[in-house]
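For reference, the structure discussed in these notes is given below.
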Amino acid sequence: MGQAWWRRPSTLPVVLLVMSLCIIIAGGTIRINDAGESCPDWPQCFGTWGFDISADEQGVYWDENPDEIDSRGIDHRYTTFEIFSEWFHRLLVGVIALPVLFNALLARRMKDTYGKTVYRSTLLSGVLLIVQALVGALTVSMDNVDWSVALHLSLASIFTSTFLYQHFAMRKSEGSDWELFAMNPEFVSGNKNRVDAMVGSVFTLLILGAWVSSTAGGQYNQGCSVGFPTGWPKCNGSILPSFDGPGVLVQMIHRFGAVLVGLVLVSGSARLRSESRIHNSTTTIGRITDFAAGLWILNVLVGGSYIIFADMDNFPEWISLLHLVFGVSCFLVAVTASFFLRLSSLPQSEEE
């Protein structure tokens, strides 16, 4: 197709991808500001559709709805910004619903051009958006219990990745000459499982990170101490600390998990480069996984700097948000390699 890129139907999933990332960043902003319970009800917020809820109005709401009192107790009051961050996050989810619906309708109408797989991916996106909204409501009702927070981020990452797959699949149907669509079949079949293992390891680490952030492991006085080197790369001054503290075990599982993920990414990328030379296939797939490994290394340093530069009274929360963004980006880059391996083995059009 000779259309300019902004006129192609395959541009729509890219727009949805960006919107999805904005939702994830908004969710991370809620977490770093400890505002996950700032709207105690769902879908409303303190019984209204706005966010400017005064301290007195919050008190009236608690008096009328004692069952909605969260873990901070009846005397706690949220700032307008904290309430706004949760309100805005919900607004973004509502805003993206319409283009997600339009995306599915467009894919259905153009099924003969782009195939059934693209259409099914748009349906999956719609289902995941609904599930995400329900999980968000569950997270609110359960006062941000750790497993619900991890589930919320996991589903958001999968939801975002569906738009990546849709874009790549549509570009192939549009006749793109990307060399990643014409990889050696032997190379593809021999490396699918390897790349899937890399994706799975990064995704697992992402879940562990969400778990740490929503438990005692994310608190300086209950997890590892702060500063260098006692807080990082050590924990409480030791490489293998005592697990007596409620958050130490959680944080150390995350750290050792990060080491294992690094080994999987680095060794997997090296193997992909070697296999691509043997099978005379493109080395681009290896460069993609190299990029994922590079993001992992960078994120390890970001996570470490969060602890190193923290003090007892003020954590550098923006670094925590950056840690989340790099973690999600690492997953999306890794899953990109998996998508290309699968799309390379499919015909240009499922109808052919």
Stick to the Cα atoms of the chain, pair each with every other, and give me the Kirkwood hydrodynamic radius in Å at one decimal.
22.0 Å
Can you tell which of VAL248, VAL14, VAL60 shows the greatest fluctuation in a Gaussian network model of the chain with Cα springs below 10 Å?
VAL60
With the chain treated as a Gaussian network of Cα nodes joined by springs under 10 Å, which of LEU332, LEU134, LEU164 yields the largest mean-square fluctuation?
LEU134
For CYS45, residues with placed amide H under 5 Å, excluding near neighbours
GLY50
Tell me what the chain gives for mean residue ellipticity at 222 nm when only DSSP H runs of n ≥ 4 count, each as -39,500 (n - 2.57), the sum divided by the residue total, rounded to 500 deg cm²/dmol.
-23500 deg cm²/dmol
Theoretical gain in end-to-end length, ASN280 to SER267 [0.36 nm per residue, Cα-Cα removed]:
2.7 nm
Run the numbers for ASP196 and GLU174: contour at 0.36 nm per residue of separation, minus the present Cα-Cα distance, in nm.
5.3 nm
Most packed first (mean Cβ within 10 Å per residue), the peptides 65-72, 172-179 order as 172-179, 65-72
Report the label-to-label distance for LEU105 and LEU346 in nanometres (one decimal), using points 7 Å from each Cα along the Cα→Cβ vector.
2.4 nm
Angstrom value of the Kirkwood radius, inverse mean 1/r, which spans all Cα pairs in the stretch 130-284:
18.5 Å
What list of whole percents do you get for P(r) of the stretch 1-176, with Cα-Cα distances grouped in 5 Å bins up to the one holding the largest distance?
1, 8, 16, 19, 15, 11, 9, 8, 6, 4, 2, 1, 0
Could you tell me the distance between the Cα centroids of the stretch 102-177 and the stretch 23-98, to the nearest Å?
26 Å
On a 0 to 90° scale, report how tilted helix 80-109 is relative to the longest principal axis of the chain, with both axes built from alpha carbons and the result rounded to the nearest 10.
20 degrees
Over all directions, what mean area does the Cα convex hull of the stretch 49-150 project, stated in square nanometres?
8.0 nm²
Lone cysteines in the chain, going by a 4.7 Å Cβ-Cβ cut-off?
CYS22, CYS330
0 to 90° range, to nearest 10: angle between helix 146-173 axis and the chain longest Cα axis:
20 degrees
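Rule-based calculations on the coordinates, nothing more; no lab input. No experiment lies behind these values; they were computed from the predicted model shown. Here the Cβ is made from the backbone with ideal geometry for all residues, glycine too, and neighbour counts use every protein chain on show.
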